[in-house]
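The structure under discussion appears below in the form of structure tokens.
Bear in mind these aren't lab numbers, they're just calculated from the coordinates by the rules spelled out. A quick note: this is a predicted structure, and the numbers were derived from the prediction, not measured. When we count neighbours, we look across all protein chains shown, and the Cβ atoms used for this are built from the backbone with ideal geometry, even at glycine.
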């Protein structure tokens, strides 16, 4: 069974056991799940939705 790893949209690091990481629907389209590591959230690292091109955080 191939399990997809949850990787941060900003840094590309795997968020397994990353306390403070989040997964949420894209604020732009609501279709794509955005994954953010704790570090990316704290530093306000930019991400881009691969579905609609939404860029956050603003």
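Values as computed for the structure displayed
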{"item": "Residues within region 11-46 that are touching a strand residue (DSSP E or B) at 6+ places or on another chain (Cβ under 6 Å) and in a strand (DSSP E or B), tallied", "result": "8"}
{"item": "Residues satisfying the stated conditions in region 47-58, i.e. in a strand (DSSP E or B) and under 20 Å from residue 4 (Cα atoms)", "result": "47, 48"}
